[in-house]
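Worksheet: one structure, shown below.
The values are calculated or read from the model by the stated rules, or taken from the named source; none is laboratory data. What you are looking at is a predicted structure, and each value in this text was computed from that prediction instead of being measured. Note that each Cβ is placed from the backbone with ideal geometry, even for glycine, and that neighbours are counted across all protein chains shown. To get the accessible areas, we keep the full protein, side chains included, count just its heavy atoms, and leave off ligands, DNA and RNA. Shrake-Rupley method; radii C 1.70, N 1.55, O 1.52, S 1.80 Å.
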Amino acid sequence: MTASNYLFIFFKIVGSLALLIYGMKVMSEALQKMAGSQLRHVLSAMTANRFTGLLTGIFVTCAVQSSSATTVMTVSFVNAGLLTLAQAISVIMGANIGTTLTAWIMSLGFSVDLTQVVFPAFIIGIILIYSKHQRYIGDLLFGVAFLFYSLVLLSEAGTDLHLDHNQDVLAFFESFDVKSYSTIFSFLLIGTVLTCIMQSSAAVMAITILLCSSGVLPIYLGIALVMGENIGTTVTANFAALGANIQARRAALAHLVFNIFGVIWVLAVFYPFVDMVCNFVNYDPASTSYTHAQLAIKLPIVIAAFHTTFNITNTFILIWFIPQMEKVVRYLIKPKAVDDEDDFRLRFIQSGIMKTPELSVLEAQKEIGSFGDRIQRMFGMVRELLEEKDNDRFVKLYSRIEKYEGISDNMEIEIANYLNSVGDAHLSDDTKGKIRAMLREISELESIGDSCYNIARTLNRKIKGKEDFTPEQYQRIRQMFNLTDDCLTQMNVCFTKNREELNPARSFNIENEINNYRDQLRSQNINDVNEHKYNYAIGTMYMDVIAECEKLGDYVVNVVEARMGTRLKEAF
């Protein structure tokens, strides 16, 4: 063969791998969009014990065809406090079993001519993509067709290379001693590094199957590459967890510990274990009598069978030691000093490298809930400021409120930027609606922070002017503050429940009470100023505080309306 022929085949292989990765991505995302929020509910609900968590991990990974997606999803749920570390470990174990289905799909692609189904799938897929209600099925068919077509192209490229007749290639692989543990370990490292670089264990698996089915790569070395792929694929989740909290980082590390432990014990019994798997599919690694056609059928099945047997056996061993695994990762990742709650830091939004709209919406919603808690904490400081008589403590508390106002501005910008980046993806109408609602929520929450700061500024102006409220004014402000705090509490309840469980009537009723009380105090203030119970200046500051509380109540109702997706004044 000429150099140009080899160059063409090289580009065909690289292009096929790119098509394979893209097909897996499209298929996984389409499945997740079809499942929608149900997938998230399944993952967060079906984890009562280690065995249901295991089954959940298997089910979700088979559904989305990506262990990395399941693991990143699990890490995000731990980060959001929806799963405990022990539950996450059991789900990750299940994900390792579920991902073995991918190897079987690939072995099918190398063993069977799939061209008969690929092109009809493309035709049906393009028709469905332009259908509003069936477009996700169209995406799914395109993903599956791309995946199968890439396997067809890889198989053709392997045949075109004639590797089994290339003496240089055969001599290169024959130079490795397959009975040497140093060789096995070297190929294990190669598999790990390749998977880390390509960020796709499926692509490395395809290369491995291609080389083995061509008859040039001995099965022992191919299986060593597969073990390396198992370690390399854990890097995705660990990268995704870098910006997450400590529990999420521990969950990602548990995935790595799980696979490293499995590789260690398999290495201890490597040759007997591989021979046992080969016997399952009636293949003799020592035989040289197999034809190229027989190798093309048997070896992909051997690799898929090893991948499945390895992960099932490893899970069966370690599922009884989840508490011990939890202790190990807790020991390896120790908590840092307690973060200052006055520092600006997003708790739930993380810069994971694999995200789906459902995960992004979940993270943003949890972050908005955290935003709401922080805003109510800020209002609590305003209540303290009203009662503070010591000048030094007043100044410190006022500075802290000022800092919180800056934090609320930053949180609004960071969450909005995150939601806008999510909005750039291909989203369902439901997810687009959620993002619009959340953008409104954060805008209103920032306005609540502004109102809190305005009240604090009014109180600061009162102190600097050497003025003070009368005991009756203090009592009325406290009553208004109580109503406002109740309103904020009801708002934060909205962030912790599903929309179907919410009763917005409480928020609307409190806001009505605030409005009525504001009107009552406005009339009372005019009478009190006329009767010279206090001067006009202190009456103005007093009503500024009351008016800001009324505005704050309006903002809260706006948040609840956005969360509910309805206008409360029309509903009640």
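Every condition in (1) open to solvent by 10 Å² or more (accessible area, probe 1.4 Å); (2) modelled with pLDDT under 80; (3) closer than 18 Å to residue 314 by Cα; (4) within 17 Å of the chain's Cα centre (by Cα) is met by residue 87 except one, and the failing one is (2). Taking residue 259 as the residue in question, decide whether it is within 30 Å of residue 328 (Cα to Cα) and open to solvent by less than 10 Å² (accessible area, probe 1.4 Å). It is true that residue 259 is within 30 Å of residue 328 (Cα to Cα) and open to solvent by less than 10 Å² (accessible area, probe 1.4 Å). When 268, 296 are checked against the criterion of being open to solvent by 10 Å² or more (accessible area, probe 1.4 Å) and within 20 Å of residue 183 (Cα to Cα), 268 stands alone in meeting it.
For segment 453-479, how many residues meet the condition of being more than 22 Å from residue 520 (Cα to Cα) and out of contact with any helix residue (DSSP H, G or I) (no Cβ under 8 Å at 6 or more places or on another chain)?
The number of residues fulfilling the criteria is 3.
Scanning segment 208-237 for residues that are open to solvent by less than 10 Å² (accessible area, probe 1.4 Å), β-branched (Val, Ile, Thr) and out of contact with any Phe, Trp or Tyr (no Cβ under 9 Å at 6 or more places or on another chain) yields 208, 236.
Let's see how each residue does on (1) free of Cβ contacts under 8 Å to residues at least 60 places away in the same chain; (2) out of contact with any Gly (no Cβ under 7 Å at 6 or more places or on another chain):
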| position | (1), (2) |
| --- | --- |
| 375 | no, no |
| 378 | no, no |
| 386 | no, yes |
| 413 | yes, yes |
| 436 | yes, yes |
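Taking the numbered list (1) at pLDDT 80 or above; (2) in a helix (DSSP H, G or I) in turn, residue 108 passes all entries but (1). Please go through segment 1-59 and give me each residue that is at pLDDT below 70 and of a type in the set (Ser, Thr, Tyr), ordered by number. 2, 6, 28, 37, 44, 47 - these are the residues of segment 1-59 that are at pLDDT below 70 and of a type in the set (Ser, Thr, Tyr). On the basis of being surrounded by 14 or more Cβ atoms within 10 Å (Cβ to Cβ), touching a residue at least 24 places away in the same chain (Cβ under 8 Å) and in a helix (DSSP H, G or I), does residue 476 make the cut? So residue 476 passes the test. So for segment 484-506 (the condition being open to solvent by less than 80 Å² (accessible area, probe 1.4 Å), closer than 19 Å to residue 549 by Cβ and without any contact (Cβ under 8 Å) to a residue 60 or more places away in the chain), does at least one residue qualify? Within segment 484-506, one or more residues are open to solvent by less than 80 Å² (accessible area, probe 1.4 Å), closer than 19 Å to residue 549 by Cβ and without any contact (Cβ under 8 Å) to a residue 60 or more places away in the chain. With respect to residue 434, determine if the residue is at pLDDT below 90 and crowded, with 19+ Cβ neighbours inside 10 Å. For residue 434, the condition - at pLDDT below 90 and crowded, with 19+ Cβ neighbours inside 10 Å - is met.
Among the numbered conditions (1) open to solvent by 60 Å² or more (accessible area, probe 1.4 Å); (2) outside any helix (DSSP H, G or I), the only one that residue 285 does not meet is (1). In segment 380-394 there is no residue that is at pLDDT below 90 and small (Gly, Ala, Ser). Against the numbered list (1) open to solvent by less than 50 Å² (accessible area, probe 1.4 Å); (2) among the β-branched types (Val, Ile, Thr); (3) over 43 Å from the mean Cα position of the chain (by Cα), residue 458 comes up short only at (3).
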